[in-house]
1. Report the extension gain between GLN59 and SER98 in nm, rounded to one decimal, defined as 0.36 nm multiplied by the number of residues separating them, less their alpha carbon distance.
2. Would you pull out the residues with amide H under 5 Å of VAL148's amide H, same chain only if 5 or more places away, H placed 1.01 Å from N?
3. Once the piece of chain linking ASN120 and THR108 is laid out straight, how much longer is it, given 0.36 nm per residue of separation minus the C-alpha distance between them?
4. Excluding ALA95 itself, calculate the net charge of residues whose Cβ lies under 11 Å from the Cβ of ALA95, where each Lys or Arg counts +1 and each Asp or Glu counts -1.
5. Quick one: accessible surface of LEU158, probe radius 1.4 Å, all protein chains present, in square angstrom to the nearest 10.
6. In nanometres, what is the gap between the two model label sites at ALA71 and GLU164, each 7 Å from Cα along Cα-to-Cβ?
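The values are calculated or read from the model by the stated rules, or taken from the named source; none is laboratory data. Just so you know, these numbers come straight off a predicted model, no measurement behind them. No Cβ is skipped: glycine too gets one built from the backbone with ideal geometry, and neighbour counts run over all protein chains shown. All accessible areas refer to the heavy atoms of the entire protein, side chains included, with ligands and DNA or RNA removed. Shrake-Rupley method; radii C 1.70, N 1.55, O 1.52, S 1.80 Å.
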Amino acid sequence: MTNSCIRIIAASLTALALIPSASGSMAPPDTAQNSSQSGSSTLSTASHGVLGPYLVDGQGRALYLREALDADARDCSDECSLVWPPFLTPSIPSAGDSLVAEELIGSTHDGAGMSQVTYNGHPLHYYVLDDPSRESPKYEWTETLGQVVHDEWGRWFLVTPEGEKLERLLHSPPTR
């Protein structure tokens with residue numbers, strides 16, 4: 001895929017995130033920076049009957065880890081970070097519930113006063129299309145649309161409280 005195609009896809013996804021939600025708001029979903037600016041620096045869990053427990057930030061937004069496609073894969077930056085924004089905070093977050101293991105919480109520093117939160121060594125990311133306030137005729141659960149996404153940057157998974165990738169599917173794969 002060419003760089004221009006990647007930019008078009010990233011711009012399209014960003015524009016799609018600005019479509020009014022069911023609440024009528026034109027604001028984009030909270031990004032990692034909005035989350036950190038609001039003082040939400042906790043890691044908690046949410047649960048879904050099919051998926052089981054998975055990590056969320058202090059505002060309840062799902063967090064993902066990336067499984068790189070090869071050992072030489074770069075960090076998720078540039079176009080990747082437009083689709084998969086990092087979970088940034090000014091300090092290491094605390095465990096928000098008993099399922100989150102405090103000893104697995106860490107961070108990497110970006111040199112600009114913010115840190116990307118890690119869990120069990122995995123940098124944590126949001127998915128730009130996740131928005132629990134947006135109604136979707138296709139999916140019942142719009143807050144975990146990034147689960148098991150495979151793209152040019154890797155494979156993306158929700159994170160279990162044990163710090164591993166959650167491999168269960170919430171949605172059935174499309175049939176043709």
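1. Length gained, GLN59 through SER98: 12.4 nm.
2. Residues meeting the criterion, in which the H sits 1.01 Å from N, are TRP156, PHE157, LEU158.
3. That pair, ASN120 and THR108, stretches by 3.1 nm at full extension.
4. Overall, the nearby charge balance is -3.
5. Near enough 0 Å² of accessible area.
6. 2.3 nm
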